[in-house]
Amino acid sequence: MPDQYAISKLKEVVQKRGGNFLNPDDSMTNQLLESLLINEERYGYLFCPCRLATGKYTQDLSMICPCDYRDEDINEFGTCYCGLYVSREVLVKKKEVITVPERKDRPPSPIKMWRCKVCGYLCVRPLPPDVCPICGVTHDRFEEYRIK
Ligand code: SF4
């Protein structure tokens, strides 16, 4: 069973990942981090605490935290499937957290290239990030970018 020290260390690591915010509900966040650490002990990787693992790394890869679906769910619903990560709007309480439907069985969304108009950060994904991981501006400061 992971102890408080392990949970707070994982929290530090997750918080240092750019452009993402942990759920401000500390009790829920700590429970999810604890479950992630239990999954790491069990499988050898931080498998999503809200999904069923096969125990086979390559089959579970898309659901190792942060999962492949996190950013799209944050864009659409303001939170990832588990509620571990939230959007900036949820963080500042401008938006309520709602139940997120499972995305992994849906067909992938078309992707585009996005450019942060402030710092020039480029990314390729369905929608711009909630917050630029480099300079911290919000998604509305991004533009679609096309190579001419
Ligand atoms: S749903 Fe959230 S907690 Fe689960 S793997 Fe994705 S990002 Fe991590």
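Only the coordinates and a few stated rules stand behind these numbers; no lab work does. Since the model is a prediction, treat every value here as computed from it, not as a measurement. No Cβ is skipped: glycine too gets one built from the backbone with ideal geometry, and neighbour counts run over all protein chains shown.
Each peptide among 80-86, 6-12, 100-106 gets the average number of other Cβ atoms lying within 10 Å of its residues, and from highest to lowest they stand as 80-86, 6-12, 100-106.
Fully extending the segment from LEU52 to GLU89, taken as 0.36 nm per residue of separation minus the present Cα-Cα distance, adds 10.4 nm. The value given for the chain is a Kirkwood hydrodynamic radius of 16.3 Å, derived from the mean inverse Cα-Cα separation. In sequence order, the stretch 105-112 has phi-based couplings of 8, 7, x, x, 6, x, 10, 9 Hz under the Karplus curve 6.51 cos²θ - 1.76 cosθ + 1.60, θ = phi - 60°, and Gly or Pro positions carry x. Modelled spin-label separation between ARG42 and GLN15, with each label point placed 7 Å from Cα along the Cα-to-Cβ direction: 2.7 nm.
Under 5 Å between amide hydrogens, built in the peptide plane, is the criterion, and for LYS112 it picks out ARG125 among residues at least 5 positions away or on other chains.
Sequence-ordered 3J(HN,Hα) estimates for the stretch 70-78 from the Karplus curve with 6.51, -1.76 and 1.60 and θ = phi - 60° stand at 3, 5, 5, 5, 5, 4, 7, 10, x Hz, glycine and proline given as x. Placing +1 on each Lys and Arg Cβ and -1 on each Asp and Glu Cβ, with no other charges, gives the chain a dipole about its Cα centre of roughly 640 debye.
The residues neighbouring VAL97, those whose beta-carbon lies less than 11 Å from its own, together hold a net charge of -1 under the Lys/Arg +1, Asp/Glu -1 convention.
A cut-off of 5 Å between modelled amide H atoms, ignoring neighbours fewer than 5 places along the same chain, links VAL131 with no other residue.
Listed cross-link partners LYS16/LYS117; LYS94/LYS148; LYS95/LYS148; LYS16/LYS104; LYS9/LYS117 are compared with a 29 Å cut-off, the Cα-Cα value being larger for LYS94/LYS148; LYS95/LYS148; LYS9/LYS117.
Each peptide in 59-72, 109-122 receives the mean, over its residues, of other Cβ atoms within 10 Å, and ordering these scores from highest gives 59-72, 109-122.
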